[in-house]
Amino acid sequence: MKITRRMTVVGFAAMMAASVAMPAFAADLIAIITPSHDNPFFKAEAVGADAKARELGYETLILVHDDDANKQSQLIDTAIGRGAKAIILDNAGSEASIAAVQKAKDAGVPSFLIDREINATGVAVSQIVSNNYQGAQLGAEEFVQLMGEKGNYVELLGREADLNAGIRSKGYHDVIDEYPDLKMVAQQSANWSQTEGYSKMETILQANPDIQGVIAGNDTMAMGAIAALQAAGRNDVIVVGFDGSNDVRDSIKSGGIKATVLQPAYAQAQLAIQQAHDYITTGKAPAEEKQLMDCVLITADNADKLETFALSE
Amino acid sequence: MAGFSAACAIMLAGALALGGCKFVRTEDEQKRAAAGAFNPERLVAEIWDTKVVPYLEERAGPFEDVAALAAGDPDAAGAKYGHKEKQGNAPWTFAARIDGTIVAAETKSRAAYVDVDVDGDSKADVRVSIGPAIRGTAIRDSLDFVNFNEFKNQIEWAQYGKSFNTHVNGALLEKLPREGLTGRSIKATGAYPLPAGGQLPQFVPATITIGGS
């Protein structure tokens with residue numbers, strides 16, 4: 001028992017020594033840390049960052065924190081230990097992530113945040129923030145217009161623990177609540193999930209057959225909702241999503257979902273790599289730490305130009 | 001003895017003052033915390049007359065000039081009449097003055113508007129929001145003295161943007177007539193974002209006068 005423990009300690013010390021020694025051999029590493037790639041949005045971020053980093057001659061370390069702040073903290077340790085020159089991070093919580101980013105900064109590793117922001121400045125070098133609120137307002141304005149400013153509607157919310165679920169819902173209601181003839185008859189979380197979007201929509205439809213619209217906090221839930229509505233023969237119900245996925249693009253083109261909002265995931269990940277590269281090579285940070293990336297409304301008019309979270313000119 | 005008691009009295013007064021001071025300070029902190037709570041509508045009201053309207057009046061060019069320059073060279077128009085955040089991908093928002101004639105009005109929508117002809121060809125050149133619902137955040141985005149980086153997060157930044165619309169609605173738009181608008185003259189100073197191709201500029205007024213026909 002005692003020997004085992006001592007061996008573990010020795011092993012740990014060796015590992016520490018190894019990780020301290022590593023940086024010299026991994027001079028060109030950039031760590032790319034995002035939520036789970038199960039959601040194609042986050043995958044697009046990782047792919048976009050990876051491609052740009054390789055183009056600029058870096059090696060990459062691609063990791064996922066699954067929206068778990070503890071796991072994120074361990075991954076930051078890994079990135080520091082591996083001697084990363086920079087960390088590209090789509091973080092696991094606007095408050096919980098401040099300490100993790102600070103830890104990297106203290107270890108001399110600059111962080112470049114993408115998509116989600118943290119509630120602190122001066123800790124990350126840059127924060128390239130998806131303007132979820134502006135995007136939600138765009139989606140809601142389109143929804144209001146499609147609904148003719150009246151009727152009963154349902155809102156499908158994202159996972160409640162996720163800040164963006166709240167931001168998007170707030171953006172939706174900021175617009176929709178200005179129209180008193182639009183009545184929300186049900187509001188439920190479907191946890192960003194397509195299968196839950198389907199089952200929740202099925203149940204809601206049974207209790208509220210008199211609905212004219214569904215506004216969803218993301219595209220996967222919108223996909224679930226439209227499938228349930230179509231299965232019930234309700235092709236008349238207006239569905240609007242959020243993210244700009246290829247699935248929803250195809251649904252829009254075939255007359256299913258009416259609109260979504262594109263977040264430029266691929267482009268902002270590439271921009272973060274460029275800023276990291278500039279910082280590594282010249283020591284120059286971008287003029288402003290927080291940079292808002294506006295979203296773009298996607299309808300039948302421009303769905304053709306959408307591919308993997310990027311809109312061609 | 002007299003000196004001693006005087007010193008005592010001073011010390012006592014000092015102690016009392018300190019005690020009192022402490023109590024007041026706690027109360028002050030509470031007040032300050034309450035006052036420090038984010039109140040975008042008050043922030044907007046505080047700068048509207050003193051900074052926002054003067055800035056737009058000074059920065060604005062005649063709509064025809066702004067639109068003509070923006071159509072050919074948005075960056076040149078932006079440098080002269082516009083503003084946008086230094087980083088990020090937001091488009092230019094321009095300050096402009098409108099002096100024209102209303103050629104169409106949509107007042108059934110909550111996001112009501114009038115279409116205005118400024119060059120005398122009887123065709124709409126710009127769409128002016130008349131509320132109560134106002135789309136976008138043109139007024140906020142036209143100002144060079146407000147900046148996303150000074151706000152806690154995008155929620156507060158968005159609420160701040162919406163508060164300009166709320167203010168415009170309460171201060172100007174609610175008082176406007178809603179009937180018989182077509183054919184009447186209109187003067188306004190305000191802002192609009194660079195329009196998407198083929199769309200009318202969506203103008204949000206900061207001052208507006210609707211005259212006779």
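Identify the residue in segment A:182-224 that is closer than 28 Å to A:S130 by Cα and of a type in the set (D, E) and, among all such residues, is nearest to the chain's Cα centre (by Cα).
Going residue by residue through segment A:182-224, those that are closer than 28 Å to A:S130 by Cα are A:182, A:184, A:186-198, A:200-201, A:213-224.
Now drop any that are not of a type in the set (D, E), which leaves A:196, A:219.
Details: A:E196: 19, A:D219: 12 Å.
Once the filter is applied, the top-ranked residue is A:D219.
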(Q) Can you tell me which condition A:A186 does not meet? The list is (1) hydrophobic (A, V, I, L, M, F, W, C); (2) crowded, with 18+ Cβ neighbours inside 10 Å; (3) within 30 Å of B:Q87 (Cβ to Cβ), and all the others hold. (A) (3)
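Within segment A:62-75, is even one residue of a type in the set (D, E, K, R) and touching a His at 6+ places or on another chain (Cβ under 9 Å)? Reasoning before the result, please.
Residues of segment A:62-75 that are of a type in the set (D, E, K, R), as a first pass: A:66-68, A:71.
Next cut, touching a His at 6+ places or on another chain (Cβ under 9 Å) only: A:71.
Checking segment A:62-75: at least one residue is of a type in the set (D, E, K, R) and touching a His at 6+ places or on another chain (Cβ under 9 Å).
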(Q) When the residues of segment A:258-268 are narrowed to those that are within 21 Å of the chain's Cα centre (by Cα) and in a loop (DSSP other than H, G, I, E, B), which ends up surrounded by the most Cβ atoms within 10 Å (Cβ to Cβ)? (A) A:Q263
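Taking the condition of being of a type in the set (D, E) and either farther than 25 Å from A:D247 by Cα or not assigned by TED's automatic domain parsing to the domain that holds A:R116 (or both), how many residues in segment A:26-58 meet it? Explain how you work it out, then say what you get.
Step one: filter segment A:26-58 for residues of a type in the set (D, E), giving A:28, A:38, A:45, A:50, A:55.
Going one step further and asking which of them are either farther than 25 Å from A:D247 by Cα or not assigned by TED's automatic domain parsing to the domain that holds A:R116 (or both), we end up with A:28, A:55.
Qualifying residue count for the region: 2.
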Q: Just name the residue that is farthest from A:Y133 (Cα to Cα) out of those in segment A:225-240 that are free of Cβ contacts under 8 Å to residues at least 40 places away in the same chain and touching a strand residue (DSSP E or B) at 6+ places or on another chain (Cβ under 9 Å).
A: A:L229
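Can you spot a residue in segment A:181-190 that is of a type in the set (G, A, S) and within 27 Å of A:A310 (Cβ to Cβ)? Explain how you work it out, then say what you get.
So in segment A:181-190, the residues of a type in the set (G, A, S) come out as A:186, A:189-190.
Of the ones still in play, those that are also within 27 Å of A:A310 (Cβ to Cβ) are A:190.
Taking every residue of segment A:181-190 in turn, at least one turns out to be of a type in the set (G, A, S) and within 27 Å of A:A310 (Cβ to Cβ).
Looking only at segment B:157-173, filter to residues that are of a type in the set (F, W, Y) and more than 10 Å from every other protein chain (Cβ to nearest Cβ); which one of those is nearest to A:K170 (Cα to Cα)?
Our first condition is that a residue be of a type in the set (F, W, Y); within segment B:157-173, this holds for B:157, B:160, B:164.
If we keep only those that are more than 10 Å from every other protein chain (Cβ to nearest Cβ) too, we end up with B:160, B:164.
Numbers: B:Y160: 14, B:F164: 18 Å.
The qualifying residue nearest to A:K170 (Cα to Cα) is B:Y160.
Which is within 14 Å of chain B (Cβ to nearest Cβ) and on the phi < 0 side of the Ramachandran plot, of A:N132, A:N70, A:N152?
On the way: A:N70 fails: within 14 Å of chain B (Cβ to nearest Cβ); A:N152 fails: within 14 Å of chain B (Cβ to nearest Cβ).
Result: A:N132 is the single residue among A:N132, A:N70, A:N152 that is within 14 Å of chain B (Cβ to nearest Cβ) and on the phi < 0 side of the Ramachandran plot.
If the requirement is being small (G, A, S), in the same structural domain as A:A232 (by TED's automatic domain parsing) and surrounded by 20 or more Cβ atoms within 10 Å (Cβ to Cβ), which of these qualifies: A:G151, A:G139, A:G166?
Details: A:G151 fails: surrounded by 20 or more Cβ atoms within 10 Å (Cβ to Cβ); A:G166 fails: surrounded by 20 or more Cβ atoms within 10 Å (Cβ to Cβ).
Within the list A:G151, A:G139, A:G166, the selection yields A:G139.
Can you pull out every residue in segment B:178-205 that is of a type in the set (S, T, N, Q) and modelled with pLDDT under 95? If you could, list the steps in order and put the result at the bottom.
Filtering segment B:178-205 down to residues of a type in the set (S, T, N, Q) leaves B:182, B:185, B:189, B:199, B:202.
Residue satisfying the conditions is B:Q199 alone.
Here is a yes/no grid of residues against (1) away from chain A (no Cβ under 14 Å); (2) free of Cβ contacts under 8 Å to residues at least 60 places away in the same chain; (3) closer than 23 Å to A:N164 by Cβ; (4) surrounded by 17 or more Cβ atoms within 10 Å (Cβ to Cβ):
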{"site": "B:I102", "(1), (2), (3), (4)": "yes, no, no, yes"}
{"site": "B:A111", "(1), (2), (3), (4)": "no, yes, no, yes"}
{"site": "B:D115", "(1), (2), (3), (4)": "yes, no, no, yes"}
{"site": "B:V118", "(1), (2), (3), (4)": "yes, yes, no, yes"}
{"site": "B:V126", "(1), (2), (3), (4)": "yes, no, no, yes"}
{"site": "B:I134", "(1), (2), (3), (4)": "no, no, no, yes"}
{"site": "B:I139", "(1), (2), (3), (4)": "yes, no, no, yes"}
{"site": "B:S142", "(1), (2), (3), (4)": "yes, no, no, yes"}
{"site": "B:I155", "(1), (2), (3), (4)": "no, yes, yes, yes"}
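Residue-by-condition table, conditions (1) on the phi > 0 side of the Ramachandran plot; (2) β-branched (V, I, T); (3) within 13 Å of chain B (Cβ to nearest Cβ); (4) under 16 Å from the mean Cα position of the chain (by Cα):
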site: A:D250; (1), (2), (3), (4): no, no, no, no
site: A:G256; (1), (2), (3), (4): no, no, no, no
site: A:E289; (1), (2), (3), (4): no, no, yes, no
site: A:L292; (1), (2), (3), (4): no, no, yes, yes
site: A:K305; (1), (2), (3), (4): no, no, yes, no
(Q) Every residue in segment A:68-77 that is touching a Gly at 6+ places or on another chain (Cβ under 9 Å) and either β-branched (V, I, T) or crowded, with 18+ Cβ neighbours inside 10 Å (or both), please. (A) A:Q72
Q: Give A:A104, A:A100, A:A120, A:A161 a once-over and let me know the one that is in the same structural domain as A:S36 (by TED's automatic domain parsing) and in a loop (DSSP other than H, G, I, E, B).
A: A:A120
Q.
Can you report the number of residues in segment A:269-313 which are part of a helix (DSSP H, G or I), farther than 22 Å from B:K84 by Cα, assigned by TED's automatic domain parsing to the domain that holds A:H37 and not hydroxyl-bearing (S, T, Y)?
A. 5
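With respect to A:S189, is the statement that it is within 14 Å of chain B (Cβ to nearest Cβ) and either modelled with pLDDT under 95 or out of contact with any Cys (no Cβ under 9 Å at 6 or more places or on another chain) (or both) true?
On the way: within 14 Å of chain B (Cβ to nearest Cβ): no; either modelled with pLDDT under 95 or out of contact with any Cys (no Cβ under 9 Å at 6 or more places or on another chain) (or both): yes.
Taking the combined requirement at face value, the residue does not satisfy it.
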Q: Could you tell me whether A:D174 is within 14 Å of chain B (Cβ to nearest Cβ) and either out of contact with any helix residue (DSSP H, G or I) (no Cβ under 7 Å at 6 or more places or on another chain) or under 26 Å from A:A300 (Cα atoms) (or both)?
A: yes
Q.
Kindly evaluate B:S122 against the criterion of being of a type outside the set (V, I, T) and touching a Pro at 6+ places or on another chain (Cβ under 9 Å).
A. no
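The values are calculated or read from the model by the stated rules, or taken from the named source; none is laboratory data. What you are looking at is a predicted structure, and each value in this text was computed from that prediction instead of being measured. Here Cβ is always computed from backbone atoms with ideal geometry, including for glycine, and neighbour counts include all displayed protein chains.
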